[in-house]
Structures are given as C-alpha cells and as structure tokens.
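So the structure is just underneath, and the comments pick up after that.
Derivation of every value follows stated rules applied to the coordinates shown; laboratory data play no part. Since this is a predicted model, take the numbers as computed values, not measurements. Positions of Cβ are generated from backbone atoms using ideal geometry, with glycine treated the same way; all protein chains shown enter the neighbour counts.
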C-alpha cells in the first residue's frame, strides 16, 4: 500500500475545477478510480489534463437530485486531487485515477465560462502529528485495533503505522475513506486539520459495544460497519 501524498503544485493558483459527486468524500493520500462520460465533465477533465491535472471532489448535499444537471449545492469542504492515470475508452469516455492531494475549503464559486464548475478555495493546512508522541501512538494503536477487528485486509495498514511508515493523519484518512461512516461525519473529518482530533472523532464513531466508561456505546459496532465498507482498491465511480 502507498499512502504518500502526490506532489502538489508550488504555484497553485487557488482556483480549482469542481467535480460534484453524491456520497463521495475523498481524502489526501487516498486513491479513487473514476469513469467520466457526461460531456461537461469530459470537458473538465480535458481542461485539467492540459493544465495542472487538478480536480476537486465536491460532495453534493442531500436533495441535489432535482437540480443535478444545473449547479446544486455542494459541501464547503473539498479535497483537491491530482489525475495520475488516464485513458480514453473506445466509446470516447474516460477512465482515470485520482489521488487526493490537499484538504481545501470553498470560498466562493467562480462565474462559469465553461460547462463545468470552478471555485476559489483556501487550502486547509494539515497537522500531521509526529508519530513519536505517546498520545499519537496510543490513538494509532486503537484505530488499528478497530480496523483489524473489522477486516484482516487492514493488517498492512496497521503494520505500516507501527513501523512509522505512515502518520496518524494518513492512517485516519485511509480509514475515514474506506469505512461507511455518516456523510456528515466524513465531511467533518475532511474539514478538521488536526490529525489527533480526527483520530478521536473516528474512534468515537468506530467504537464497539462498550465505551471507556463501561456503558453501552451508542455508535454502530465495527462488525456492522465492516460489512458495508468500501472495497480496497476502490471500484471505478461514475460521474
């Protein structure tokens, strides 16, 4: 598994192409295959490939359906991703691999001059939390234990954290991406810059039957969550 963030342009303009999708929240370091066929998004991709290769996954807010082909509201928290692989299919649609690069927040949308949406954004600087502190190690171990209880495929993820190959920030983001948490929580985790706080939020959501006080947890047990988790690697998503 590779969790390194893709290189981000040092001369980033602060403007991004918005790719609005329902029920998808991307995080830095996470990989999302996408299949693009709508003409406006084909134009968006072509523009990105000729420029900085950046696309921002913007999550459509509930109730978007009647306005889908216009400009329905999206969440302010977004993830700017980099197109690392691309192919054109025989039907002239597109398959691509997008890797999350930076957290960001929409400041305002830009008056459209093309068929796709664009926005001015501010990058959310991530507090990665060095692995050497006791608090970080404890949180990381707890998160790894929850994942291993849910799926054996998380063993490499847990090992990479223990060996210092990934940070608590990366560990939290990969878990948040793959587990079927509530959409509002996923967006809260995306917008939160502090890795330790993200890990604590995740632990509260993933905790199983008994909480720290010995009472019954109100969160969904990991066993129930795991049956609906995202596959790894994730499947291609349609626009």
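Please work out whether the stretch 72-128 counts as rounded, prolate or oblate from its C-alpha gyration tensor, where a ≥ b ≥ c are the square roots of the eigenvalues and a/c under 1.5 means rounded, while otherwise a/b larger than b/c means prolate and anything else oblate? Provide the component values of the computation, followed by the final result.
Values: a/c = 3.06, a/b = 1.35, b/c = 2.27.
Verdict is oblate for the stretch 72-128.
On a C-alpha basis, how far is the centre of the stretch 88-152 from the centre of the stretch 8-34 in Å? Whole number, if you could?
One Cα centre to the other: 7 Å.
Taking 8 Å as the Cα distance limit and 6 or more residues as the minimum spacing, I'd like the relative contact order of the stretch 1-101 as a percentage. Display every interim value, and only then the final one.
Values: 177 pairs, mean separation 37.3, N = 101.
Value for the stretch 1-101: 37 percent.
Starting with the highest mean, order 53-60, 65-72 by the number of other Cβ atoms within 10 Å, averaged over the residues of each peptide.
Order by mean packing, descending: 53-60, 65-72.
Shape call for the stretch 15-125 from the C-alpha gyration tensor, a ≥ b ≥ c root eigenvalues: rounded (a/c under 1.5), prolate (a/b greater than b/c) or oblate?
Rounded is the answer for the stretch 15-125, as its axis ratio a/c remains below 1.5.
Once you sort the root eigenvalues of the Cα gyration tensor of the stretch 58-105 as a ≥ b ≥ c, which label holds: rounded (a/c under 1.5), prolate (a/b larger than b/c) or oblate (the other case)?
On the way: a/c = 4.22, a/b = 1.29, b/c = 3.28.
It comes out oblate by the Cα gyration axes.
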